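This report concerns only the one structure given below.
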Amino acid sequence: MDLFELASFIEYKARELGIKVIYIKPEYTSQSCPSCGERNKVKDRNYQCGCGYHAHRDRVGALNIAKTI
């Protein structure tokens, strides 16, 4: 299954259930601090910001995506 097929399937199933699908650009979501907004290069899976915020990089991305909705 390619990306287009997967997106179409998700949209179809969401429409059946009355769920709205929103596409978010993933650029920099795991590099921007959800606390202060500063962008930092990440060398491993752990995100560390100068403001003191630290978390797993996937959590940082998820929090930033949730903020855009």
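The angle between the Cα long axis of helix 3-17 and the longest principal axis of the Cα atoms of the chain comes to about 70 degrees, rounded to the nearest 10. Shown here for the range 1-61: trypsin sites (Lys or Arg not before Pro) in loop regions (DSSP other than H, G, I, E, B) with at most 14 other Cβ atoms within 10 Å, namely Lys20, Lys41, Lys43, Arg45.
Mind listing which GluC sites (Glu not before Pro) in the range 9-69 are in a DSSP loop and have 15 or fewer other Cβ atoms within 10 Å?
In loop regions of the range 9-69 (DSSP not H, G, I, E or B), the sparsely surrounded GluC sites (Glu not before Pro) are Glu27, Glu38.
Angle check, please: helix 57-68 long axis (alpha carbons) against the longest principal axis of the chain (alpha carbons), in degrees 0 to 90, nearest 10. Around 60 degrees separate the two axes.
Computing percent of Cα pairs over 18 Å apart directly from the structure and comparing it against [x] 36; [y] 49; [z] 30 singles out [y].
Fully extending the segment from Cys51 to Cys36, taken as 0.36 nm per residue of separation minus the present Cα-Cα distance, adds 4.7 nm. Pairs of Lys residues in the chain, spaced 8 or more positions apart or belonging to different chains, with C-alpha separations under 27 angstrom: 8 in total.
Quote the relative contact order of the chain in percent (integer), defining contacts as alpha-carbon pairs under 8 Å separated by 6+ residues. Normalised by residue count, the contact order of the chain is 27 percent.
Read-outs throughout are calculated quantities, based only on the coordinates presented, and are distinct from any laboratory measurement. What you see is a predicted model, and the numbers here were worked out from it, not measured in a lab. Counting neighbours? That spans all protein chains shown, and the Cβs are built from the backbone with ideal geometry, glycine included.
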